Every structure is written in C-alpha cells, then in structure tokens.
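Notes for the one structure printed next.
The values are calculated or read from the model by the stated rules, or taken from the named source; none is laboratory data. All values derive from a computational prediction rather than experimental measurement. Ideal geometry is used to build each Cβ from the backbone, glycine not excepted, and the neighbour counts take in all protein chains shown. These accessible areas exclude ligands, DNA and RNA; they are computed on the full protein's heavy atoms, side chains included. Shrake-Rupley method; radii C 1.70, N 1.55, O 1.52, S 1.80 Å.
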Amino acid sequence: MGTGASRNTDGDGSNGDDGKEGILDHAGGQFYVSLKMENIKLKGDLIPHVYGSVPLVGSWDSSKALAMGRESASMWELSFVVPPNHETLDFKFLLKPKYGNGPCIVEEGPNRLLTGGALQGDSRSALFRLDSDEVLEYRVFIKADRVSPFDLAASWRAYQENLEPSTVRGIPDVSINSVQQTGAENGSSASLELDIEHYVVPAPSTSANSGLVYAANMTETPRSLSRAGVLSNADSSGSVSHSGISVDRPALIKDMEVSVPDPSKVYSSSGMVESKSVGTFSPLQKQDSHRGLFVDRGVGSPRLVKSASASTFNIDLKLDTETKNSMPAAAGAVAAAAVADQMLGPKEHRHLAIVLVGLPARGKTFTAAKLTRYLRWLGHDTKHFNVGKYRRLKHGVNQSADFFRADNPEGMEARNEVAALAMEDMISWMHEGGQVGIFDATNSSRKRRNMLMKMAEGNCKIIFLETICNDRDIIERNIRLKIQQSPDYAEEPDFEAGLQDFKNRLANYEKVYEPVDEGSYIKMIDMVSGHGGQIQVNNISGYLPGRIVFFLVNTHLTPRPILLTRHGESRDNVRGRIGGDTILSDAGEIYAKKLANFVEKRLKSERAASIWTSTLQRTILTASPIAGFPKIQWRALDEINAGVCDGMTYEEIKKNMPEEYEARKKDKLRYRYPRGESYLDVIQRLEPVIIELERQRAPVVVISHQAVLRALYAYFADRPLKEIPHIETPLHTIIEIQMGVTGVQEKRYKLMD
C-alpha cells in the first residue's frame, strides 16, 4: 500500500534540504506536526501510539507514548507542536493494548526523521509484525506546517482545557456557604491584621470624590459669565460676554416674556406631539411594566466602512455636522436607537433637556448628578447645568431668604435672568453637538416653565422631572446637609441661624409652588428612600427617555458600600496571557483567603450583603472561601471577549497581528478584537449590572476582571469614556465605593502585592 506525506515550505521555496537547518529557523515559526494512520480494522484492542526523541512523545519511553485519537471510522490522528529547543524529530509508530500493560508492537524499519519541517528518507507505510508473524500494514500521512503562536492559540487553549478541566463545573449560579471554611487561621499567610484600615492605600488623584463635595459645584461652569469667576453684567442691549466674544441674547423683562428666534430658522419641526395618558408605576411592577419600552441589547455594533454611496446617504438624510457630533459614543442597540430617534423624529428631538422641578431639599441636584453620570457612561454627551451656581456667581452667596420671596420683584428678575442664562448656555452647547442637558433648578411655577419651553422651541425637546418627597425626616436630613455643604451658608458661622434662614426660603417657595401638569413629564413621588413610592410618566416616548425612566425607577439614596475587586492572580496572569479560564496561582489562592477574611471583618454586621462573580472559574474560586453570603454568577461580569486573540500574549499579537495591535493601541475604547468585544460592548452588557447595583440596598462585593471593573468604576467615579481602558485596577486590591446622600466616595485597600 502507498504512503502519503506532505510538507510546507517557505514562500521562497526553501525547505531545509541541507538537513542541518533548525526547525524554528523558518521566519521564527514553530512546527505543527500532524500524524495520521489509516486502517480498515485494528487487531483486537490495539491502539496506535507515537513515541520519539522529544519529551512530548515519550523520549523513546514506550510507556509514555502518546495515543492517537480517532478522526473517523478508518483514520487515527495525533497533532503536536515541536518544542523550540529541538532541531530534529525522530519518531516511530507503535501499537499498545487499550487496556492493561501488555507488550507493545513497534513498527518495522528505521526511525522516521523530520528536519526543518521536511520528512527525510523514503515515504513508507507502517508495518507491524505480530507474534504469529502476521504483518499489519497501515498507510500513514505526515504533515509539518510552520505556524505562528497566533495560529496555535486555539490548539493551546484546547490543550489547557483538556489538561486542566474546570474545577467549578456544576457549581450553581446562586449558592451560599453557611459555615466558615478553614484555611485562613491566624498566623497563616492568608490572615489579616485585626484593623483593616492598616491596608488602606491612597486612591488615584482622578478617583471618585474622597470627601464631601457639594454636588452643584461639580456642574457645568457658566459660560455666560466672565473668566475666573468675575461677573460681566448684561448691558442695556442685552449683550453678554462669552470668553471675550460679544453674543446677543434676548432681553428679559419682568413679566417673563422672552424674545426667541423664529424656530423655523433654526430647525424645522413637524409640530406633531404624541399624546399619551399618565401612567403610574409601583416598585413591585416596575420591571415588567416597562419592558416594552426597551430594545434588547446586542453585543457589538457593525464596523462602519466608507462606500461609494456614503455621500448620497449623507445628502438624503441631511446628516449635518451638528447631527454627527450628537451621536453617542456607544455600540449596538444604543447607537441604533439613537439613529432611529434622530432620523425619524422631529429635528429638535435630537437634543433632550431634562428640566428638574421641585421644592428645595427634595434631592433634585443629587438625582440630576446621578442621571448625568449614567448617561455619560452609556456614551451620551451629557452636561449638568445648575442654576444655583449661576446665581451665586452672578449675585453672590450671601442672599437671605427674602431674595427668594415671590413678592420681591428685584429678586424675581435676578433669578429669572440667571435661569435664562443657564438655558442659553445649554442650548448653545447643544448646537455645538451636546445631546442631553440636565437643567437643575426649582422651576416651581408654570410661568418659569413656560419661559423655558419657549426658549426650547426648535432647539430641543423638554421633559420635566419633578421630585416630590413627603417624608419629613428625609426632608429634615436634606436640609441639614444643605446647610453643611451649600456655599450659600459657607460664611454663616451659626448653624441654627442658617437652618432657620433656609427654612424661611423653603416656605417662600412653598407659597407659590405649582406641580407639573403640562408637557412631557416624569414625577418621582417618595422614591428617594428606596422603600416604595411611585413614578408617573406623561407623554414620554423614544428610546432614550425610556431608558431614563427605567434608571429613575431603580435609583434611591440608601447608603451602602460596593466593593470591587479583581480575581486573585491566575495562571494566565503569570504567563502573561489574556482571556482564558485558568485556575488561580499560589498567590491567587492566598488572596482568596485574605479576601474572605476582609469581607468577614468589613461586612460582619451586613448579613444581607451578597457576592457577585463572573462565570469564569478564577472569580468563582476567589469567592469560594467567603462564607455566609449568597454568591451569584453573572455572565455579564465575564472578562472582555478577546476573540481570536484569547489565550495569546500581547507580544504574540504584536508579532503575528501587527495591524490589530496598532489599531488597539490607537483607540482602546472602540477597538474590537476579531470575533470579540470592545470596551463599548462591555459597557453595554454591564448596564443591567449597574441598574441592579443602583437598586440594591445592601452591600455588594463584585469579583470580576480588569476590563469589566474599569467600566464599572468609571460609572461610579464619573470618568470619561476615553479614560476607561487606562483606569488603574491592580490585582489583590479592593476598591470600596460608598454610595449615599452625599454622593460617591472611594477608599482602596491593598491586601497583598
């Protein structure tokens, strides 16, 4: 019977015929050897094996020979990679009993020799002589291909999975250990100091607020006021200085009538408004009743490429520069919905203004700050405009309660003026490409709201967001926090005097307060406590407004910590390989025990806490020593999918996929691994995690991966999207995020190097 043999040569036709060329000298590659044996039937329980000169195939020890596996009914196959320190490979086929340690039958003839990827000598079949002098002859096929580490990645992963099967298979998605596991005894390498503050390390300078910061001070800096906080009062013509440039604005008069440009000259609008009835949602029904407002989030968005029809597309749909700038830096469903809303709806709906309404101390600024952070994280260009900040810069901080009386014409005119300034700044920013503006003020009268709606005509769609709180304890707490943090009372040494003045101010607002019943609106009624309440919506349509409603349904002010940590060091971390699903290294196992000790000390009085992990075994194993808390696996918390690069090192990617390496280096945020994910894709699949973290009232420990934790941390720290791929999230470090009425604060603990 004949014998088939094949070999791969370099592009210049060289094949190492001198017999001395090293196997790895062909452009630095390694050789992938494929051996196949064809037979119609085997004798008894004999299985074909291979053994040879390298340790991988037994180093001529027949007891360590590698068994061939069935590729088909009549074909056996074995593939392996020649180690880099061997220039040649000598090997032979042999038959071994499937069961037991019976005698082996080695093929007749000289050794087979591969040098430089080429088969030396004559091709031949494999001949086996049995004890009965019967001879078995099988056709063999020998193939050696020079391949790169990239090409070997899939084989390497399969080998690892076969060599080390997952140790967490069968563990339920939700589990709880009721008894503390042993292994973290005092005095061991996994024990912690009694005081966990011993492990506190400084947070990065760009981290979440580490102190108490008044939320209004973090809002957009007024553009209509001069540089460095020096005020430029409007002259009689109604002109205001914008960084040295004179910009005309409509003059304000006392009866709140304002002159605005003809909307048709700015944007065309159909003028059609969809009417919807008021809907009331209770916390118990909020999940299902809103399900119809949202589209399913897919992973990834199509890569956009230039085509000959690109210019026609641009003309037909009138995608001007302003429209392009308003597109969110998002992926998948976010971008698709934004395109639909912008192209199918009225042009002013390309921009959205969320106008806060409510009495002081009802959580408006806090809600506005959270909503701003959420929308920015999703990729929507969002800014928070606080009218109180404009007032303080324009008229100073020493305004008594009389300034806020409705029968004080000078005070009313001054407050209306700064509200118009803030609205003008927001509209100007939208014309430059901004997408969502959060307009933060009391806006407690219909006259004020009508002024804002007139200014918005042809420029943006307004949705009023009214916060109503009837809990006197919460209101009293908010008032006291206001006195402690607001710049309005920074120069008031007497706390009680400041408290009384603010209550007088509040009484002035209550006398003229008119609840929202016009236009599109969202009412949050007693939602801040997180223990009930209602949300009412009227005339709300569109993808983004629906997402905003869903977010607000799940948000509250209950203080609680969220602990973020990466898994313990894995074996792939040691090897420098990305992705994979390997177990922990020795150092990783020590960290798992230290983490369990830390969680026990930090959350000992928080028995309602829970532990969240990904579905990959390195996070599950890291959480396994933690006892007494429910453990929940989230596929959304899995590491970024590296696609075909999974299991490779960055050096291997750089060497074998230089174009991909450079593309990732230029834009890590939007770069998507071939058949994998980008950071924007990760953000999309993490949105349900963020919503659930906002909804939780008890502490949560999130054990996940570097890319995922970067995205989660960016949400809480309000970091720009472009910074997410570069956020520092070291191994064996815990980031504690404290959420509550004072905003977001951060503390870091480093348990080990």
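Pairs meeting the criteria (first residue in region 491-515 and within 9 Å of ALA401 (Cα to Cα), second residue aliphatic (A, V, I, L, M) and open to solvent by 20 Å² or more (accessible area, probe 1.4 Å), beta carbons under 7 Å, at least 6 apart or on different chains) are LEU506/LEU359; ASN508/ALA406.
Open to solvent by 50 Å² or more (accessible area, probe 1.4 Å), among the basic types (Lys, Arg), touching a strand residue (DSSP E or B) at 6+ places or on another chain (Cβ under 9 Å) and at pLDDT 65 or above, is that true of LYS36? Yes: the conditions hold for LYS36.
Somewhere in region 636-643, is a residue out of contact with any helix residue (DSSP H, G or I) (no Cβ under 6 Å at 6 or more places or on another chain), closer than 26 Å to SER585 by Cβ and surrounded by fewer than 20 Cβ atoms within 10 Å (Cβ to Cβ)? There is at least one residue in region 636-643 that is out of contact with any helix residue (DSSP H, G or I) (no Cβ under 6 Å at 6 or more places or on another chain), closer than 26 Å to SER585 by Cβ and surrounded by fewer than 20 Cβ atoms within 10 Å (Cβ to Cβ).
Identify the residue in region 137-148 that is modelled with pLDDT under 85 and touching a Phe, Trp or Tyr at 6+ places or on another chain (Cβ under 8 Å) and, among all such residues, is nearest to CYS645 (Cα to Cα). Looking at the filtered set, the residue picked out is VAL147. Criterion first (in contact with a Phe, Trp or Tyr (Cβ under 9 Å, 6 or more places away or on another chain) and not charged (D, E, K, R)) does LEU686 satisfy it? Taking the combined requirement at face value, the residue satisfies it.
Quick check on region 471-484. Is at least one of its residues touching a Lys or Arg at 6+ places or on another chain (Cβ under 9 Å), aliphatic (A, V, I, L, M) and not in a helix (DSSP H, G or I)? Checked against the condition, which is being touching a Lys or Arg at 6+ places or on another chain (Cβ under 9 Å), aliphatic (A, V, I, L, M) and not in a helix (DSSP H, G or I), region 471-484 yields no hits at all.
For region 574-598, a residue qualifies if it is charged (D, E, K, R) and under 24 Å from the mean Cα position of the chain (by Cα), and the qualifying residues are ARG577, ASP581. In this structure, MET739 does satisfy being open to solvent by less than 20 Å² (accessible area, probe 1.4 Å) and at pLDDT below 95.
Here the helices (runs of 4 or more DSSP H) wholly within region 538-615 that include at least 2 residues being farther than 30 Å from VAL436 by Cα are 571-575, 586-602. Candidates are the residues of region 507-534 that are buried (at least 20 other Cβ atoms within 10 Å of the Cβ), touching a Pro at 6+ places or on another chain (Cβ under 9 Å) and not small (Gly, Ala, Ser); the one that is nearest to ILE463 (Cα to Cα) is ILE522. Of all residue pairs spaced 6 or more apart or on separate chains, those with beta-carbon atoms under 6 Å, a first member in region 518-530 that is in a loop (DSSP other than H, G, I, E, B) and a second member that is at pLDDT below 90 and of a type in the set (D, E, K, R) are GLY530/ARG697. Scan region 706-722 and give yes if some residue there is open to solvent by 10 Å² or more (accessible area, probe 1.4 Å), among the acidic types (Asp, Glu) and at pLDDT below 95, otherwise no. Checked region 706-722: at least one residue is open to solvent by 10 Å² or more (accessible area, probe 1.4 Å), among the acidic types (Asp, Glu) and at pLDDT below 95.
Exactly one residue among SER624, SER605 is open to solvent by 30 Å² or more (accessible area, probe 1.4 Å) and under 17 Å from GLY568 (Cα atoms), and that residue is SER624.
Figure legend. Inter-residue proximity from region 465-477: first residues open to solvent by 20 Å² or more (accessible area, probe 1.4 Å), second residues of a type in the set (Asp, Glu), beta-carbon distance below 6 Å, spacing 6+ or different chains. Indicated pairs: ASN470/ASP526. Within the set ILE562, ILE611, the sole residue that is farther than 30 Å from THR467 by Cβ, among the aliphatic types (A, V, I, L, M) and open to solvent by less than 50 Å² (accessible area, probe 1.4 Å) turns out to be ILE611. Can you confirm whether ALA158 is modelled with pLDDT of 70 or more, small (Gly, Ala, Ser) and either within 49 Å of the chain's Cα centre (by Cα) or assigned to a loop (DSSP other than H, G, I, E, B) (or both)? No, not satisfied. The lone criterion from (1) on the phi > 0 side of the Ramachandran plot; (2) surrounded by 21 or more Cβ atoms within 10 Å (Cβ to Cβ) left unmet by ALA456 is number (1).
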